[in-house]
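The values are calculated or read from the model by the stated rules, or taken from the named source; none is laboratory data. Computed from a prediction, not measured in an experiment: that's the story for all the values here. Please note: Cβ atoms are built from the backbone with ideal geometry, for glycine as well, and neighbour counts cover all protein chains shown. What goes into the accessible areas is simple: the full protein's heavy atoms, side chains included, and nothing from ligands, DNA or RNA. Shrake-Rupley method; radii C 1.70, N 1.55, O 1.52, S 1.80 Å.
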Amino acid sequence: MRKRRGMCVIWPIYFDATVSRELRRVRKDLAIPSPTLEELCRAVEKLGLRYEVVKDAAHPVRHWEKTGYLFVEKAFPKGELLRRIAKALRSVRKTRKKKLK
């Protein structure tokens, strides 16, 4: 994984309600089950932040799962950024469910 100045690495697992708090970086009430990289991209776009997608990369703890990750513009401290993305991600998931009905 390469570093980018002024960017944060954001993995989908940070928002996954099905994993332990050790891997998840947001509270369970903000998390969603099995978020995808595509949903994460839409949530970051919704916040108006710049980002870069890195596909086919695996989180070090789950090396068998190639979920990919994002480099996201560090507009806020990382904890605040994760909370804002989590709220936007929940909104994206709700919108997607409504379209499927």
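For (1) among the polar types (S, T, N, Q); (2) at pLDDT 95 or above; (3) more than 11 Å from GLY68 (Cβ to Cβ), each residue gets a yes or a no:
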residue: GLY6; (1), (2), (3): no, no, yes
residue: PRO12; (1), (2), (3): no, yes, no
residue: ARG21; (1), (2), (3): no, no, yes
residue: ARG24; (1), (2), (3): no, no, yes
residue: ILE32; (1), (2), (3): no, yes, yes
residue: LEU40; (1), (2), (3): no, yes, no
note = Only unsatisfied item for GLY79, checking (1) in contact with a strand residue (DSSP E or B) (Cβ under 8 Å, 6 or more places away or on another chain); (2) exposed (fewer than 11 other Cβ atoms within 10 Å of the Cβ); (3) of a type in the set (Gly, Ala, Ser), is (1)
query = Taking the stated definitions as given, is ALA43 within 17 Å of VAL9 (Cβ to Cβ), assigned to a loop (DSSP other than H, G, I, E, B) and without any contact (Cβ under 8 Å) to a residue 60 or more places away in the chain?
reply = no
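Please state which one of LYS87, LYS101 is open to solvent by 80 Å² or more (accessible area, probe 1.4 Å) and at pLDDT 90 or above.
LYS87
Condition first: under 13 Å from ILE13 (Cβ atoms) and in contact with an Asp or Glu (Cβ under 9 Å, 6 or more places away or on another chain). Now tell me which residues in the stretch 46-66 satisfy that.
Residues of the stretch 46-66 that are under 13 Å from ILE13 (Cβ atoms), as a first pass: 57-66.
Those that are under 13 Å from ILE13 (Cβ atoms) and in contact with an Asp or Glu (Cβ under 9 Å, 6 or more places away or on another chain): ALA58, HIS59, VAL61, LYS66.
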message = Conditions first: (1) open to solvent by less than 50 Å² (accessible area, probe 1.4 Å); (2) farther than 19 Å from SER91 by Cα; (3) without any contact (Cβ under 8 Å) to a residue 60 or more places away in the chain; (4) not in a loop (DSSP other than H, G, I, E, B). VAL19 passes all but one, so which condition is the exception?
response = (4)
ask   = Do we find that ARG62 is among the charged types (D, E, K, R), more than 13 Å from the chain's Cα centre (by Cα) and surrounded by 13 or more Cβ atoms within 10 Å (Cβ to Cβ) in this structure?
value = yes
Filter result for GLU52 (part of a helix (DSSP H, G or I) and open to solvent by 30 Å² or more (accessible area, probe 1.4 Å)) = no
message = Looking only at the stretch 33-49, count every residue that is open to solvent by less than 30 Å² (accessible area, probe 1.4 Å) and in contact with a strand residue (DSSP E or B) (Cβ under 9 Å, 6 or more places away or on another chain) and tell me the total.
response = 7
inquiry  = Just the residues that are in contact (Cβ under 8 Å) with a residue 60 or more places away in the chain and either in a loop (DSSP other than H, G, I, E, B) or open to solvent by 20 Å² or more (accessible area, probe 1.4 Å) (or both), please, taken from the stretch 2-13.
reply    = ARG4, GLY6, MET7, VAL9
